[in-house]
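The block underneath contains the structure these notes are about, expressed in structure tokens.
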Amino acid sequence: MAQVETVRGPIDTANLGLTLMHEHVFVLNEEIRRNYPQTWDEEQRTEDAVLKLNALRERGCVTIADPTVIGLGRDIERIAKVAARTELNIIAATGIYTYNDVPLYFTYRGADRAGAASDPMTRMFIADLTEGIAGTGIKAAFLKCAIDEPGLTPGVERVMRAVAQAHVATGAPITVHTHPGSRSGREALRVLGQEGADLTRVVLGHSGDTADVDHLAELADSGCLLGMDRFGLDILLPREQRVATVAALCARGYADRMVLSHDASCHIDWFTPDLIAQFAPDWHYGHLFDGVLPALRERGVSETQLEMMLVGNPRRYFGGPGPA
């Protein structure tokens, strides 16, 4: 039986259960948090996260994949403290989140590299996957990169190629933040493919931000998974259209090419809590269970298809082939 690393240690992929494939625990600016401590209450935020994740576990969710990487405030020791107080499995990621440039740390490191395989960030990603993060021994189990509306900038391409090479070296799957409005998923598949990535082990995140079923089917035909993973962010696309898109793809036979999620978090410091309540009141872990799944059933999506998107596809994603 294949195993996957979680924050509490490895488990059989058969035990992943219902899995939400794109949920954050914390999204933070760590420099602000550390230098302006009045913006953060460690005890209160930890307690709040434990309560929210335990509530999610009670709804039947067994596992979340947390794609919080460099650029989003990853602190694996904080996540470990939360994980120790919940039965929910949390799967950690490695990678870099940027829409434009690489972090300045890398600008003059590896500038003369022979290729992505020798890039210092590639070595860092591989170490996170094989040795553990920040000396904790807690291993990441998937890779994360991003390509948004600015497109394939030099920095975005460098990170993406490093992620692909870490995938080739370790077999760890990849999640890409994409921008369907500019069809950046096509570029992601092209670049990852050039580096030898197995596209069946790639999730194109935020694919559900478009209702263009033909375009999504084209992407899925590459073998990748579509991240229909922003339920609750109606400001980007209303729930009715998101549900209709998933149902239409299921009707075309693509249930084996989709995963479902919210891209929510216990706490994100990009917005004040009162602002989130105004622009995205349904952007929380319970929305899938309260509104989305009943709506999908009403549109004819079968229990078998729902189980495929929530259980089978995540299990296959994390339990696929090893390194090349």
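The values are calculated or read from the model by the stated rules, or taken from the named source; none is laboratory data. Keep in mind that what you see is a predicted model, and the values were worked out from it rather than measured. Please note: Cβ atoms are built from the backbone with ideal geometry, for glycine as well, and neighbour counts cover all protein chains shown.
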Going through (1) out of contact with any Leu (no Cβ under 7 Å at 6 or more places or on another chain); (2) outside any strand (DSSP E or B); (3) surrounded by fewer than 23 Cβ atoms within 10 Å (Cβ to Cβ) one by one, residue 10 fails only at (2)
Go through (1) buried (at least 24 other Cβ atoms within 10 Å of the Cβ); (2) in contact with a Lys or Arg (Cβ under 6 Å, 6 or more places away or on another chain) one by one and return the number of the condition residue 132 breaks.
(1)
At pLDDT below 95 and within 19 Å of the chain's Cα centre (by Cα): does that describe residue 320?
yes
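Could you check segment 234-271 and list, in sequence order, the residues that are outside any helix (DSSP H, G or I), under 15 Å from residue 294 (Cα atoms) and of a type in the set (Gly, Ala, Ser)? I'd like the intermediate steps shown before the answer.
Of the residues in segment 234-271, the ones outside any helix (DSSP H, G or I) are 234-238, 252-254, 258-271.
Subset that is under 15 Å from residue 294 (Cα atoms): 260-261.
Hit for segment 234-271 is 261, nothing else.
Please specify each residue of segment 216-244 satisfying the condition of being farther than 16 Å from residue 183 by Cα and surrounded by fewer than 19 Cβ atoms within 10 Å (Cβ to Cβ).
Looking only at segment 216-244, we keep the residues that are farther than 16 Å from residue 183 by Cα, and these are 223, 229-235, 238-244.
Passing the criteria: 223, 234, 235, 238, 239, 240, 241, 244.
Matching residues to (1) among the charged types (D, E, K, R); (2) farther than 21 Å from residue 207 by Cα; (3) out of contact with any His (no Cβ under 6 Å at 6 or more places or on another chain):
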site: 270; (1), (2), (3): no, yes, yes
site: 303; (1), (2), (3): yes, yes, yes
site: 308; (1), (2), (3): no, no, yes
site: 311; (1), (2), (3): no, no, yes
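Go over the candidates 263, 274, 256, 282 one by one and state the one that is more than 30 Å from residue 164 (Cβ to Cβ) and modelled with pLDDT of 95 or more. Talk me through it step by step, then tell me what you get.
Values: 263 fails: more than 30 Å from residue 164 (Cβ to Cβ); 274 fails: modelled with pLDDT of 95 or more; 256 fails: more than 30 Å from residue 164 (Cβ to Cβ).
Being more than 30 Å from residue 164 (Cβ to Cβ) and modelled with pLDDT of 95 or more holds for just one of 263, 274, 256, 282, which is 282.
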Determine if segment 67-77 includes at least one residue that is surrounded by 19 or more Cβ atoms within 10 Å (Cβ to Cβ), farther than 21 Å from residue 227 by Cα, in contact with a Gly (Cβ under 9 Å, 6 or more places away or on another chain) and at pLDDT 95 or above.
yes
Scope segment 139-166; condition assigned to a helix (DSSP H, G or I) and over 15 Å from the mean Cα position of the chain (by Cα); matching residues
154, 155, 156, 157, 158, 159, 161, 162, 164, 165, 166
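Kindly indicate whether residue 285 is within 16 Å of the chain's Cα centre (by Cα) and in a helix (DSSP H, G or I).
Working: within 16 Å of the chain's Cα centre (by Cα): yes; in a helix (DSSP H, G or I): no.
When the stated conditions are applied, residue 285 does not pass them.
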Checked pairs for segment 31-53, first under 24 Å from residue 286 (Cα atoms) and at pLDDT 95 or above, second of a type in the set (Val, Ile, Thr) and not in a helix (DSSP H, G or I), C-beta under 7 Å and 6 or more apart or across chains, list as 49/25; 50/86; 53/86
Residues of segment 13-58 being surrounded by 14 or more Cβ atoms within 10 Å (Cβ to Cβ) and of a type in the set (D, E, K, R), which ones?
23, 30, 33, 45, 48, 52, 57
Hey, any hits in segment 84-101 for a residue that's in a helix (DSSP H, G or I), out of contact with any Pro (no Cβ under 6 Å at 6 or more places or on another chain) and either surrounded by 23 or more Cβ atoms within 10 Å (Cβ to Cβ) or not aromatic (Phe, Trp, Tyr) (or both)?
no
Here are some conditions: (1) surrounded by 24 or more Cβ atoms within 10 Å (Cβ to Cβ); (2) under 13 Å from residue 69 (Cα atoms). Residue 160 meets all but one. Which one does it not meet?
(2)
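So, in segment 245-283, of the ones that are polar (S, T, N, Q) and surrounded by 14 or more Cβ atoms within 10 Å (Cβ to Cβ), which residue ends up farthest from residue 57 (Cα to Cα)?
Filtering segment 245-283 down to residues polar (S, T, N, Q) leaves 245, 261, 265, 272, 278.
Adding the requirement that they be surrounded by 14 or more Cβ atoms within 10 Å (Cβ to Cβ) leaves 245, 261, 265.
Details: 245: 27, 261: 14, 265: 14 Å.
Here the residue is 245.
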For segment 208-215, indicate whether the set of residues that are in contact (Cβ under 8 Å) with a residue 24 or more places away in the chain, buried (at least 20 other Cβ atoms within 10 Å of the Cβ) and not small (Gly, Ala, Ser) is non-empty.
yes
Residues of segment 243-273 being acidic (Asp, Glu) and out of contact with any Asp or Glu (no Cβ under 7 Å at 6 or more places or on another chain), in sequence order, are 256, 269
Could you list, in sequence order, all residues of segment 106-129 that are acidic (Asp, Glu) and modelled with pLDDT under 90?
112
Here are some residues: 298, 307. Which one is surrounded by fewer than 15 Cβ atoms within 10 Å (Cβ to Cβ) and within 17 Å of residue 226 (Cα to Cα)?
307
